[in-house]
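Here the structure comes first, spelled out in structure tokens, and everything after it is commentary.
The values are calculated or read from the model by the stated rules, or taken from the named source; none is laboratory data. Just so you know, these numbers come straight off a predicted model, no measurement behind them. Because the Cβ atoms are built from the backbone with ideal geometry, glycine has one as well, and the counts that use them run over all protein chains shown. Remember, those area values only see protein heavy atoms, side chains included, never the ligands or the DNA or RNA. Shrake-Rupley method; radii C 1.70, N 1.55, O 1.52, S 1.80 Å.
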Amino acid sequence: MYRIPEDDVIFPDPTDAEDGGLLGVGGDLRPERLLLAYASGIFPWYNEGQPILWFSPDPRCVLEPAELHVGRSLRKTLRKSAYRVSLDTAFDEVIQACKDTPRPGQEGTWITRDMEEAYCHLHRMGHAHSVEVWSGDELVGGLYGVALGGLFAGESMFSRASDASKTGLVWLVNQLKRWGFGLVDAQIRTETLAKMGAVEIDRVAYLARIATLVSQPGRVGSWSFDEGFSPLDL
């Protein structure tokens, strides 16, 4: 097992990861290390009380913005404008909700206190972004992730109302498409993501894709939806 150094911001070759995707242990969550991790196809994933664990799974679940699939029921929800959707207006609340929302078959959360603080710091720097889905003044769904060049690396999402998180994802992906983003990294496959167009690709193909994407200028800073934007326009 490769031990990540505390002083140098480096990672081993992602192709050296174990079968389950585990690549290394240790290090820290300072911004430059996190950004290097995402640029290298690596992300942290561990539980409270554990050392920091770094993963680069094979295969990798990704969503091409142009391949987003919106089912009939979800399209109906979007047409009804059942929810109001915003960008980067309540990042701290979104990550807290993702942390607190129970997951079927999962005990606890991988969003540790240190991770929460680290991603909130990335948000203040303009690298991490949130989507908020509102019913009136109540936050009922959302997601957050890290943007690097033309790559958006999704981290977590939550839903407290029917189709809330999927609504947020549709809004985000279509806005990313309009901005020229080439890929949404979903990390691990779920049935919900698969039904919305996400597919699995091998690690080598993923690393080749992001090598080009992360070198693009990107959009650093606070995000908002384009004026007049509709998720059903594209």
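Yes or no, residue by residue, for (1) touching a Ser or Thr at 6+ places or on another chain (Cβ under 8 Å); (2) under 30 Å from TYR38 (Cα atoms); (3) of a type in the set (Asp, Glu):
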residue: GLY49; (1), (2), (3): no, yes, no
residue: ILE52; (1), (2), (3): no, yes, no
residue: PHE55; (1), (2), (3): no, yes, no
residue: PRO65; (1), (2), (3): no, yes, no
residue: LEU68; (1), (2), (3): no, yes, no
residue: ARG72; (1), (2), (3): no, no, no
residue: LYS76; (1), (2), (3): no, no, no
residue: TYR83; (1), (2), (3): yes, no, no
residue: ALA90; (1), (2), (3): yes, yes, no
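Select from segment 125-135 the residues that are more than 14 Å from LEU35 (Cβ to Cβ) and either of a type in the set (Val, Ile, Thr) or open to solvent by 10 Å² or more (accessible area, probe 1.4 Å) (or both) and list them in ascending order.
Here is the first cut: in segment 125-135, the residues more than 14 Å from LEU35 (Cβ to Cβ) are 130-135.
VAL131, VAL133, TRP134, SER135, listed by residue number.
How do the pairs read when you match residues in segment 83-97 that are touching a residue at least 40 places away in the same chain (Cβ under 8 Å) with residues anywhere that are among the charged types (D, E, K, R) and open to solvent by 10 Å² or more (accessible area, probe 1.4 Å), using Cβ under 7 Å and keeping only pairs 6 or more apart or on different chains?
These pairs meet every condition: ILE95/GLU116.
I'd like to check which strands (runs of 3 or more DSSP E) are fully inside segment 126-220 and have at least 1 residues that are among the aromatic types (Phe, Trp, Tyr) and within 13 Å of the chain's Cα centre (by Cα).
138-148, 151-159
Per-residue answers, yes or no, for (1) more than 28 Å from THR212 (Cβ to Cβ); (2) modelled with pLDDT of 95 or more; (3) aliphatic (A, V, I, L, M):
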{"position": "LYS99", "(1), (2), (3)": "yes, no, no"}
{"position": "GLU107", "(1), (2), (3)": "yes, no, no"}
{"position": "ALA128", "(1), (2), (3)": "no, yes, yes"}
{"position": "ALA153", "(1), (2), (3)": "no, yes, yes"}
{"position": "PHE158", "(1), (2), (3)": "yes, yes, no"}
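What about ALA198, is it touching a Cys at 6+ places or on another chain (Cβ under 8 Å) and small (Gly, Ala, Ser)? Let's see the steps before the verdict.
Numbers: touching a Cys at 6+ places or on another chain (Cβ under 8 Å): yes; small (Gly, Ala, Ser): yes.
In short, yes.
Report every pair of residues separated by at least 6 positions or lying on different chains whose Cβ atoms are under 6 Å apart, first residue within segment 176-188 and more than 15 Å from LEU143 (Cβ to Cβ) and open to solvent by less than 10 Å² (accessible area, probe 1.4 Å), second at pLDDT below 95 and of a type outside the set (S, T, N, Q).
Close Cβ pairs satisfying both conditions: none exist.
Kindly state which strands (runs of 3 or more DSSP E) lie completely within segment 1-112 and contain at least 1 residues that are surrounded by 12 or more Cβ atoms within 10 Å (Cβ to Cβ) and within 18 Å of the chain's Cα centre (by Cα).
So the answer is 53-55, 60-63, 84-87.
For the condition out of contact with any strand residue (DSSP E or B) (no Cβ under 7 Å at 6 or more places or on another chain), modelled with pLDDT of 95 or more and open to solvent by 30 Å² or more (accessible area, probe 1.4 Å), what is the one hit in VAL204, VAL199?
Numbers: VAL199 fails: out of contact with any strand residue (DSSP E or B) (no Cβ under 7 Å at 6 or more places or on another chain).
Selected residue: VAL204, the only one of VAL204, VAL199 that is out of contact with any strand residue (DSSP E or B) (no Cβ under 7 Å at 6 or more places or on another chain), modelled with pLDDT of 95 or more and open to solvent by 30 Å² or more (accessible area, probe 1.4 Å).
Out of all the residues in segment 213-229, which are free of Cβ contacts under 8 Å to residues at least 40 places away in the same chain and either closer than 30 Å to THR15 by Cβ or of a type outside the set (D, E, K, R) (or both)? Please lay out each step first, then the result.
Residues of segment 213-229 that are free of Cβ contacts under 8 Å to residues at least 40 places away in the same chain, as a first pass: 227-228.
Within segment 213-229, GLY228 is the sole residue that qualifies.
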